[in-house]
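*Asks:* The structure's right below; bear with me while I get my questions together.
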Amino acid sequence: MKNRAWSQFCENRWAVAGLIILGIIHAAALFADFLAPYSFSNEERTYSYAPPSKIHFRDEQGSLVPPFVYGAEIKFDEYRRRIYQDKADEKYPLSFFVQGDKYKILGLVPTTIHLFGVKEPGRIYLWGADSRGRDLFSRLLHGARISLSIGILGVAISFSIGLLVGGIAGYYGGKTDDIIMRICEMFMMFPGFYLLLALRAVVPPNFNSIQVYLAIVVILSFIGWASLARVIRGMCLSLREREFVLAAKTMGLSDLRIIIRHILPHTLSYSLIAVMLSIPGYILAESSLSLIGLGIQDPYASWGNLLAEAMGIVQIKFAPWILLPGFFIFITVMCFNVVGDALRDVLDPKTSQ
Amino acid sequence: MQIKNLAVSVNSKKIVDDVSLTVEERSIFALVGGSGSGKSTTGLAVLRLLAPGLEIKSGEAIFGGRDLLKIGAEELRQVRGKEIAMVFQEPLYAFNPVLTVGQQIEEVFTAHTDFLGEKRLEETLRLLDIVGIKDPLRVHKSYPHQLSGGMRQRAMIAQAVALKPRLIIADEPTSSLDVTLQARVMELFLKLRDEFDLSVLLITHDLGVVQHMADHVAVMNNGKIVESGSSGEVLKNPKHQYTRELLSYVS
């Protein structure tokens, strides 16, 4: 049966493409330190809004040479805006597995090897630089870590709460159900974004960045569990009438065990679809918070606060590459939705033809 | 186990009325009746597992010196599965479709013992062997829908006897099986009674089954026991009109 679902899923080309893209983005986030030539805070202020570096494969004579980048000559125009020009006499060969900023592989093994880079004082900006001369490519990769992990962590927490609370409400029914459902409705009553802002205001301003990160995860999960709990509750109301629940009771299993082991697994396919379709919500919520400066703080990168740089029309006009984080948010959210929709088609018998 | 004056009602209408019976040690007691006679409700009431809306109005269920209808929730949980186990009519529904048969039998050990994984597996395989399953390992790993009806019922019985309960309440254990399998499963019950020293409260509508197995029988109609006694006596010499009616369908 699992195989049938999988092959049906594979027939949906868009979903497969989405899954592959998600896989690549997540893998890139996981190995961000290694793939990125610089750390997220490595800055060189003279290179403010440096355009993407051109990688040259041929020298002036037109013969094929190992790839290199030119050094930059910085001039100012009449508005004191920087104009970057290649310095013909300064070449920095692009090399692989080079020494660079210190980091730990997966947080464990300390090393300084990066996939690619150029020798100092040359700098390589694959996708341009931001206002402080930090490499956008590196910051996007590091930002992906935060943006994607908030989605996954937030969903994990809010779904654990939602499944358990919904399971309890549905299993016991009656007064318990009434009380829990009214509480859920209270949470759902508030417009999400304002609740998000209000809760964010409660977080002390002196929190360090890790604490802020965790606070945001908790806040997002705090908002997200209620709607899931309602649906799970409805499923459990019908599941508890099934005979195997009665049989589990005659075995002397505790209520909690019956809920977790015997009832909730039946909601798995729905939950899986719901997970896929709600991760984008978390990514977007984190981005919105960071965009308005209430989320992840500089110098730490998230897609939201990277995009915050693109709020001025002047920046977009002269350094359009700073819109890239928005593009990545868009792609990721799209992929999750496409994959989630395909999963629903495959797993939910009600929507299949 | 002794049930005294049990009454169950739904919306103040009594569906089990003043039922008293005694299941003696190591005996098989058959509770017979047509559908809707209240026999299954009696069985479930003893373990306090009635569907919401059904209410125990009065009565006692004395088991091991305690009244099961009055003891606390935790004490009751300890009785369920460990001292009184239940076998259902259709094991396909009584088994959880998303867990393997083995996992579900092991649930009994999880609930009442501190056996570790390996010990649980070993015990489960031993039980499956006792109930006459040829390749316990395969059955252990199978999902309920992958087994035949007979196998499933045997596995369900294995689950019931796992902790050597003193009483098994069997609610129509053979009704979903074909005739030859019915006989085998009933033989299994007899064998297990001798092996584990347990008594069986057999809830059934099938007087043919009663004839072969039961020591005592009580006939229920409309929530009341209309006739009871040793099975030989009742079946040979039925006193009540309803019993005669039931008997006339058998032969």
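All of the numbers you see were taken from the coordinates with simple rules; none came from a lab. Model, not experiment: these values are computed from the prediction. Please note: Cβ atoms are built from the backbone with ideal geometry, for glycine as well, and neighbour counts cover all protein chains shown.
*Asks:* Taking the Cα centre of chain B as origin, sum charge times position over the Cβ atoms of Lys and Arg (+1) and Asp and Glu (-1), and report the length of that vector in debye to the nearest 20. Numbers along the way, then the final one.
*Replies:* On the way: 29 positive and 31 negative charges, 54 e Å.
Value, rounded to 20: 260 debye.
*Asks:* Where Lys and Arg each count +1 and Asp and Glu each count -1, what net charge lies around A:Arg261 among other residues with Cβ under 15 Å from its Cβ? Please list the in-between numbers first.
*Replies:* On the way: positive: A:Arg240, A:Arg242, A:Lys249, A:Arg257, B:Arg120; negative: A:Asp255, B:Glu106, B:Glu107.
Local net charge: +2.
*Asks:* Straight-line reach from A:Lys104: which lysines fall under 24 Å, measuring Cα to Cα and dropping same-chain residues less than 8 apart?
*Replies:* The reachable lysines, counting only those whose Cα sits under 24 Å from A:Lys104, are A:Lys119.
*Asks:* Longer than 25 Å from Cα to Cα, which of B:Lys70/B:Lys191; B:Lys4/B:Lys70; B:Lys70/B:Lys239 are they? Say none if no pair is. Could you put the intermediate results ahead of the total?
*Replies:* On the way: B:Lys70/B:Lys191 33 Å; B:Lys4/B:Lys70 13 Å; B:Lys70/B:Lys239 35 Å.
From the list (B:Lys70/B:Lys191; B:Lys4/B:Lys70; B:Lys70/B:Lys239), the Cα-Cα distance tops 25 Å for B:Lys70/B:Lys191; B:Lys70/B:Lys239.
*Asks:* Follow-up question, since we're still on this one. Just how large is the dipole of chain A about the Cα centre, in debye to the nearest 20, putting +1 at every Lys and Arg Cβ and -1 at every Asp and Glu Cβ?
*Replies:* On the way: 33 positive and 28 negative charges, 136 e Å.
Magnitude of the dipole: close to 660 debye.
*Asks:* Please name which of A:Leu324, A:Met251, A:Leu284 has its Cα lying farthest along the dipole of the range A:228-353 towards the positive end, using unit charges on Cβ (Lys, Arg +1; Asp, Glu -1) and the Cα centre as origin.
*Replies:* Most positive-ward Cα: A:Met251.
*Asks:* Run lengths n ≥ 4 of DSSP H only: what is the helix-derived mean residue ellipticity at 222 nm for chain B, with -39500 (n - 2.57) per run over all residues, to the nearest 500? Please report the intermediate quantities before stating the final value.
*Replies:* Details: 11 runs with 105 residues, N = 251.
Calculated mean residue ellipticity at 222 nm is -12000 deg cm²/dmol.
*Asks:* So, one more: Around B:Leu47, which amide H atoms from residues at least 5 apart in sequence, or from another chain, sit under 5 Å from its own amide H, with H modelled in the peptide plane?
*Replies:* none
*Asks:* Mind checking which of B:Gly150, B:Leu125, B:Thr100 is farthest towards the positive end of the range B:91-164's charge dipole, using Cβ charges of +1 (Lys, Arg) and -1 (Asp, Glu) about the Cα centre?
*Replies:* Highest projection toward the positive end goes to B:Gly150.
*Asks:* Could you work out how far apart the two model spin labels at A:Ala5 and A:Thr111 are, taking each label as a point 7 Å from the Cα in the direction of the beta carbon, and quote it in nm?
*Replies:* The two pseudo-label positions are separated by 3.7 nm.
*Asks:* Build a GNM of chain A with springs between Cα atoms under 10 Å: which of A:His142, A:His262, A:His114 gets the top mean-square fluctuation?
*Replies:* A:His262
*Asks:* Just tell me, in residue order, which DSSP H segments of chain A are both 24 angstrom or longer along the helix axis (alpha-carbon based) and at least 0.0 in mean Kyte-Doolittle hydropathy.
*Replies:* On the way: long enough: A:13-30 (25 Å, 1.84); A:136-172 (53 Å, 1.39); A:209-239 (44 Å, 1.68); A:268-291 (34 Å, 1.38); A:324-347 (34 Å, 1.52).
TM-like helix candidates: A:13-30, A:136-172, A:209-239, A:268-291, A:324-347.
*Asks:* May I pose another question? Could you compute the FRET efficiency for B:Lys224 and B:Ser248, with r as their C-beta to C-beta distance and R0 at 25 Å, rounded to 0.05? Spell out each step's value before the answer.
*Replies:* Numbers: r = 20 Å, r/R0 = 0.82.
Plugging the Cβ-Cβ distance into 1/(1 + (r/R0)^6) gives 0.75.
*Asks:* Let me know the charge dipole size of the range A:1-130 about its Cα centre in debye, to the nearest 20, where only the beta-carbon of Lys, Arg (+1) and Asp, Glu (-1) is charged.
*Replies:* Magnitude of the dipole: close to 500 debye.
*Asks:* Which far-off residues, 5 or more places away or on another chain, put their amide H under 5 Å from the one on B:Ile28, with H placed in the peptide plane?
*Replies:* Result for B:Ile28 returns B:Val200, B:Asp215, B:His216.
*Asks:* Extending each Cα 7 Å along its Cβ direction at A:Asp178 and B:Ala73, get the distance between those two points in nm, one decimal.
*Replies:* 1.8
*Asks:* Which percentage, to the nearest 5, of the DSSP beta bridges contained in the protein assembly as shown is antiparallel?
*Replies:* The answer is about 65 percent antiparallel.
*Asks:* Using each residue's phi in the range A:121-128, evaluate 6.51 cos²θ - 1.76 cosθ + 1.60 at θ = phi - 60° and report the 3J(HN,Hα) Karplus result to the nearest Hz, with x for Gly and Pro.
*Replies:* Calculated HN-Hα couplings, in order: x, x, 9, 10, 10, 4, 10, x Hz.
*Asks:* For labels at A:Glu243 and B:Arg138 in the simple 7 Å Cα→Cβ model, what's the distance in nm?
*Replies:* 2.5
*Asks:* Which listed residue (B:Gln159, B:Pro52, A:Val338) has the Cα farthest towards the positive end of the charge dipole for the protein assembly as shown, taking +1 on Lys and Arg C-beta and -1 on Asp and Glu C-beta about the Cα centre?
*Replies:* Towards the positive end, the residue furthest out is A:Val338.
*Asks:* Moving on to the next point. Going highest first, how would you order A:75-87, A:335-347, B:130-142 by mean Cβ packing within 10 Å? Write down the numbers at each step before the final one.
*Replies:* On the way: A:75-87: 10.7, A:335-347: 20.5, B:130-142: 16.9.
Going by the mean number of other Cβ atoms within 10 Å, highest first, we get A:335-347, B:130-142, A:75-87.
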